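Novice: Following this message is one structure expressed as structure tokens.
Any read-out appearing in this document is the output of simple, stated calculations on the displayed coordinates, not a laboratory observation. Since the structure is predicted, the reported quantities are computational estimates derived from the model, not experimental observations. Note that we place each Cβ from the backbone using ideal geometry, even for glycine, and neighbour counts take in every protein chain shown.
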Amino acid sequence: MIRIAAVGDVHMDRDVLGRFRPALEELPDRADVLLLAGDLTRHGTEAEAKCVATEFGGLGVPVIAVLGNHDHHCDEVPGVVAALEDVGITVLEGDGTVVDVDGTRLGVAGVKGFGGGFAGRCASEFGEPEMKAFVRTTGTVAERLGAALRDLDCDVRVALTHYAPVPDTLAGEPLEIYPFLGSYLLAQAIDSAPTALALHGHAHHGSERGRTPGGVRVRNVAHPVIKQAYSVFTLAPDHVSAPTRSGI
Amino acid sequence: MNDYTEAEVQRALAEDLGVAEQGITVVRSDRGLVLCGEVESPRRREEILRLVRERFPGIACVADIGVTRAGAPTEAEELA
């Protein structure tokens, strides 16, 4: 059994330092790994990232993260990543990592992701250069996520994104902003490998549970959605997702 | 107060670096603006109200904003 703790959208700054720590001290008794689903900072400064490092570093279990849109706002991504890596947090963007959990290899592939919308109601790579660049960005990161998932040499495969791969977990958000909350291309990437679980954040007013068209379980772990320091999911080592019906 | 004011408030909450909140819903009511959502600290709720009152001094504004709980989970979800 693998126990995965996860939370996103913690938006750390000095004013909230220590808030998560009491619950995090208990985490090694409850989970084997902690995944952070982006928007770790308020607006992406190195100083805020150091708050994340203080809060989520040194837990005694591996911590794996992707960044979110807030973590990009001040254009300090290299400093943000360095602050997290300095305390041993693995930051994924189009790549993956494998963690040994009592002899079972847990593989995690991650990207921030991007928007564009969902099948039948999505943006197309057509028209103005700005529009084409927007859609192309999502396509590129989705391809990288799919490749990273397929390349993982592991027993259990988990996808970690900030943006949502399915609309199910957006229920509660205004329909008008769905195209800014995620993209079906991320789900297509997740379905291109035998993924056991997909975790994301970003949608503060969304809901917890969903499923990709290929049957992979999706969980929105945005902090305002789960309303606790982190959620814990348990997966059997022999778990594989339902057969994929689409792929990149 | 009209649609444009509502849009300005929503954008100010996201774009002001002292606030940077995208998860706050702005609702127009008979008594003024009601701001709904959750933030990570009481201080951030105060910053939101201060920003709106400074930028939009003629508009009555109340906050129905909670602070997201950060306790340890009481149970795990089994996905086996």
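Novice: Run lengths n ≥ 4 of DSSP H only: what is the helix-derived mean residue ellipticity at 222 nm for chain B, with -39500 (n - 2.57) per run over all residues, to the nearest 500?
Specialist: Working: 2 runs with 27 residues, N = 80.
Counting only the DSSP helices, I get -11000 deg cm²/dmol.
Novice: Among A:GLY103, A:GLY146, A:GLY127, which one shows the highest mean-square fluctuation when chain A is modelled as a Gaussian network with alpha-carbon springs under 10 Å?
Specialist: So, out of A:GLY103, A:GLY146, A:GLY127, the one fluctuating most is A:GLY127.
Novice: Counting other beta carbons within 10 Å of each residue's own, what order do A:ASP95, A:ASP151 fall into, fewest first? Show your work: numbers first, answer last.
Specialist: Values: A:ASP95 17, A:ASP151 13.
Going from sparsest to densest Cβ surroundings: A:ASP151, A:ASP95.
Novice: Just for chain B, what percent of DSSP beta bridges are antiparallel, to the closest 5?
Specialist: Of all bridge pairs located within chain B, approximately 40 percent are antiparallel.
Novice: Cα to Cα, under 26 Å, and not fewer than 8 places away if on the same chain: which lysines meet these conditions relative to A:LYS50?
Specialist: The qualifying lysines are A:LYS112, A:LYS227.
Novice: Assuming 0.36 nm per residue, please report the length gained on full extension of the stretch A:ASP15 to A:GLU125 beyond their Cα-Cα distance.
Specialist: Once the chain is fully extended between A:ASP15 and A:GLU125, it gains 35.4 nm.
Novice: May I pose another question? If you average the C-alpha positions of segment A:1-35 and of segment A:80-126 separately, how far apart do those two centres end up, in angstrom?
Specialist: 18 Å
Novice: Note down the relative contact order for segment B:3-67 as a percent, whole number, built from C-alpha pairs under 8 angstrom at least six residues apart. Can you show the working numbers first?
Specialist: Details: 85 pairs, mean separation 19.4, N = 65.
Taking the mean separation of contacting Cα pairs over the length of segment B:3-67, I get 30 percent.
Novice: Still on this structure, I have one more. Taking the Cβ of each residue in B:SER29, A:SER231, A:SER207 as the centre, tally the other Cβ atoms inside 10 Å and list the residues starting with the fewest.
Specialist: Working: B:SER29 10, A:SER231 24, A:SER207 15.
In increasing order of surrounding Cβ atoms, one gets B:SER29, A:SER207, A:SER231.
Novice: For helix B:3-15, what angle does its Cα long axis make with the longest principal axis of chain B, in degrees from 0 to 90 and rounded to 10?
Specialist: So the helix axis and the longest Cα principal axis differ by about 50 degrees.
Novice: Taking +1 at the Cβ of each Lys and Arg and -1 at the Cβ of each Asp and Glu, which of A:ALA82, A:ALA171, A:VAL225 sits farthest along the dipole of chain A towards its positive end, judged by Cα position relative to the Cα centre?
Specialist: So the residue we want is A:ALA171.
Novice: While we're here: I need the phi-derived Karplus couplings for segment A:186-195: 6.51 cos²θ - 1.76 cosθ + 1.60, θ = phi - 60°, integer Hz, Gly and Pro marked x.
Specialist: Listing the rounded values in order: 5, 5, 4, 5, 4, 6, 7, 9, x, 7 Hz.
Novice: A further question on this structure: Looking at chain A only, what percent of DSSP beta bridges run antiparallel? Nearest 5 please. List each step's numbers first, then the result.
Specialist: Working: 15 of 43 bridges.
Rounded to the nearest five, the antiparallel share is 35 percent.
Novice: Arrange A:GLU143, B:GLU46, A:GLU173 by Cβ neighbour counts within 10 Å, fewest through most, would you?
Specialist: Values: A:GLU143 17, B:GLU46 13, A:GLU173 21.
The most exposed by this proxy come first: B:GLU46, A:GLU143, A:GLU173.
Novice: Just in chain B: which trypsin sites (Lys or Arg not before Pro) are loop by DSSP and have at most 16 other Cβ atoms within 10 Å? Numbers along the way, then the final one.
Specialist: Details: sites: B:ARG11, B:ARG28, B:ARG31, B:ARG43, B:ARG44, B:ARG45, B:ARG50, B:ARG53, B:ARG55, B:ARG69; in loops: B:ARG31, B:ARG69.
Passing both the DSSP loop test and the Cβ count: B:ARG31, B:ARG69.
Novice: Then there is this: From the backbone phi of segment A:43-60, what are the Karplus-calculated ³J(HN,Hα) couplings (6.51 cos²θ - 1.76 cosθ + 1.60, θ = phi - 60°) in whole Hz, Gly and Pro given as x?
Specialist: 9, x, 9, 4, 5, 5, 4, 5, 5, 4, 4, 5, 6, 10, x, x, 7, x
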